[in-house]
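This report refers to the structure that appears directly beneath it.
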Amino acid sequence: MSHLLKSRSRNSAFTLVELLIVIAIIGILASLAAVGVMKALEKGKMVAARTEISQLEAAIAAAKQNLGGVDNLPSVIRLWDTPAGFNTDASSVPTVNFLTKAFGKAWQSKSSYPWMGPSYTGTYPVTLTGMEALVFWLGGVRDGYGTFQGFSSNPSAPWDITNTKRKGPFYEFDSVRVLNNTTATKPTFVNSWGGAYAYFSSSDYAYFLSNPLNGVLLPYHKNASPPVLAGSFYNAKTFQIISSGQDQSFGSGGYYNPPYSIGLPVYDDLSNFSSTQLGKKDE
């Protein structure tokens with residue numbers, strides 16, 4: 001009887017080989033599940049970036065309508081805190097012209113212009129380029145807590161955050177992804193990967209050809225080689241929004257290098273002038 005029980009016990013137990021096989025199968029299944037989860041997360045971030053690009057486009061349209069029906073939101077602006085600063089700086093003329101279109105001539109009647117917010121402790125003039133400029137136009141003036149307050153409806157003081165009648169903010173930025181939002185810095189906005197968004201207004205394409213954004217990035221050009229041809233930029237009369245992809249890096253853009261080559265950093269970028277990742281144009 002005891003011999004029979006021992007025989008059954010030995011037959012019902014797993015051997016070491018069987019245990020190793022089971023562990024291996026579990027490991028394979030776990031790795032496959034992890035890959036699936038990672039792909040799903042990555043797909044989710046891509047969808048989020050694509051959605052945000054569309055939301056930013058809609059916010060730009062709302063801002064243009066509310067800010068005097070302007071044709072564009074400049075991607076290069078130069079702000080001063082006094083009338084003398086604006087009046088003596090030739091490079092600020094485009095900014096002055098835009099502010100006058102957006103708010104009327106009355107904004108020039110005050111002795112000081114706290115465009116960066118009443119608690120800003122940095123220096124003027126302040127030059128905003130790319131997404132910095134777009135965050136300013138869509139978010140407006142910040143209060144002491146870094147909260148975007150839009151612009152005042154008072155035409156003589158658009159920067160006044162105490163006026164209850166407001167224009168904007170036109171976009172609700174996720175505060176977690178607003179970088180450099182301190183009283184001494186210029187805030188910018190990053191995507192779900194932690195990489196950057198870039199913004200180029202068609203009115204400033206020529207500026208960026210001589211002053212690449214972050215020293216590298218240019219507006220995206222339809223041709224792969226010089227010369228620059230009239231109307232050859234993507235969205236030649238509006239603007240470009242570009243989101244860096246998973247690698248958090250941009251390609252050079254412009255026209256000096258093939259901008260969409262597979263293997264270059266730009267390959268996984270998203271934009272408002274392409275319905276796919278930019279590198280998909282090569283496939």
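The values are calculated or read from the model by the stated rules, or taken from the named source; none is laboratory data. In this text the structure is predicted, and so the values were computed from the model without any measurement. No Cβ is skipped: glycine too gets one built from the backbone with ideal geometry, and neighbour counts run over all protein chains shown. Calculation scope for accessible area: heavy atoms of the full protein, side chains included, ligands and nucleic acids excluded. Shrake-Rupley method; radii C 1.70, N 1.55, O 1.52, S 1.80 Å.
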By how many nm would the segment from Val216 to Ser153 lengthen if fully extended, with 0.36 nm per residue of separation less the alpha-carbon distance?
18.9 nm
With a Förster radius of 25 Å, plug the Cβ-Cβ distance of Ser111 and Thr162 into 1/(1 + (r/R0)^6) and report the FRET value to the nearest 0.05.
0.90
For the range 45-196, the per residue accessible area (1.4 Å probe, Å²) is 44 Å²
Can you tell me the length gained on complete extension of the stretch Glu172 to Asn72, counting 0.36 nm per residue apart and subtracting the Cα distance?
34.0 nm
How compact and how long is the range 131-205, expressed as Rg and Dmax of its alpha-carbon atoms in Å?
13.0, 40
Which chymotrypsin sites (Phe, Trp or Tyr not before Pro) does the range 126-217 hold that lie in a coil by DSSP with at most 12 other beta carbons within 10 Å?
Tyr145
Assuming 0.36 nm per residue, please report the length gained on full extension of the stretch Asp143 to Leu209 beyond their Cα-Cα distance.
20.3 nm
Using alpha carbon centers only, the range 157-207 is separated from the range 60-118 by a whole-angstrom value of 15 Å
What trypsin sites (Lys or Arg not before Pro) does the range 37-134 have in DSSP loop regions with at most 14 other beta carbons within 10 Å?
none
When we measure straight from the Cα of Lys165, which aspartates and glutamates land under 16 angstrom away, once same-chain ones fewer than 8 places off are left out?
Asp143
When the accessible area of the range 21-173 is split by element with a 1.4 Å probe, what percent falls to carbon and sulfur?
60 percent
